[in-house]
Amino acid sequence: MGEGKDKMRKHSILVIEDEEDIQQLVSYHLVKAGFFVFCADSGEEGLEVFETEKVDLVVLDLMLPGMDGVEVCRQMKQSGKQAIVPVIMLTAKGEEDDMVEGLEAGADDYVTKPFSPKVLVARIKAHLRRDDKLKSRFSPSEARLSLPRGLQIDFEKHEVVLGGEPLDLTVSEFNILGLLASKPDLVFTRQQIIDNIRGYGYEVTPRAVDVQIHGLRKKLKSAGELIETVRGVGYRFKGEAR
Ligand code: CA
């Protein structure tokens with residue numbers, strides 16, 4: 001299993017879930033996996049912990065009494081520096097619309113109930129590893145992302161290179177690619193993409209995102225297939241093993 005090799009510093013996970021059984025089950029498995037766990041029974045309580053404690057990742061139930069999970073997520077993602085903390089939503093079957101809303105509110109991932117605690121723990125570890133990797137990748141000395149298929153993004157020079165050749169991308173195309181590629185395998189909704197590339201002096205519509213993606217894929221040639229359409233949700237960058 002490589003547990004020893006995979007040793008991580010003790011991360012803190014905040015679990016916001018009103019159902020006692022699930023809260024206990026999740027906490028039990030997280031503690032067993034070596035995490036420090038904070039529990040909250042409501043969104044309000046969860047936000048308080050989020051603001052006062054050092055939290056590395058949040059497991060957030062969608063259906064909560066009072067403030068719902070989507071609103072809690074939105075507030076967390078608007079909280080400045082803490083906004084980068086990954087949020088994994090717990091949703092029930094048949095809550096697809098809410099799930100999309102959750103992703104739009106900035107959630108990084110979701111797990112559908114009933115779920116296996118082991119799968120949830122594995123997902124949490126994957127997010128934390130990715131987070132650590134991202135932090136080291138974006139260190140000031142090296143603002144460069146090396147991707148599969150000879151693709152490289154240089155965030156300092158604002159340049160994308162494919163097989164050694166610089167590509168001629170528009171500002172929006174560059175920003176969309178940078179966004180998707182910096183979080184491989186995570187699905188971004190059109191709205192999230194818009195929120196991230198906005199602020200360059202013009203309006204972006206969901207349809208315009210599709211057009212940009214279309215143009216981007218063409219310019220990326222065969223590497224264009226790394227940008228996957230997730231039907232009914234949005235887009236993601238396929239993180240191939242390197
Ligand atoms: Ca609930």
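The values are calculated or read from the model by the stated rules, or taken from the named source; none is laboratory data. Here the structure is a predicted model, which means the values were calculated and not measured. Every residue, glycine among them, receives a Cβ derived from its backbone with ideal geometry; neighbour counts consider all protein chains shown.
A quick yes/no check of all residues on (1) hydrophobic (A, V, I, L, M, F, W, C); (2) modelled with pLDDT under 95:
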| residue | (1), (2) |
| --- | --- |
| K7 | no, yes |
| I16 | yes, no |
| Q24 | no, no |
| V37 | yes, no |
| D41 | no, no |
| M67 | yes, no |
| A83 | yes, yes |
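Within the range 151-158, one or more residues are surrounded by 15 or more Cβ atoms within 10 Å (Cβ to Cβ) and in contact (Cβ under 8 Å) with a residue 24 or more places away in the chain. Contact map, the range 15-26: first residue closer than 9 Å to V59 by Cβ, second residue within 9 Å of the ligand (Cβ to nearest atom) and assigned to a helix (DSSP H, G or I), Cβ cut-off under 9 Å, separation 6 or more or different chains; pairs are V15/I22; I16/G69.
Of the candidates L177, L169, the single residue that is at pLDDT 90 or above and surrounded by 12 or more Cβ atoms within 10 Å (Cβ to Cβ) is L177. Annotation for the range 138-148: at least one member residue is buried (at least 19 other Cβ atoms within 10 Å of the Cβ) and either at pLDDT below 85 or at negative phi (or both).
Annotation for the range 53-72: no member residue is in the same structural domain as L120 (by TED's automatic domain parsing), over 21 Å from L186 (Cβ atoms) and without any contact (Cβ under 8 Å) to a residue 24 or more places away in the chain.
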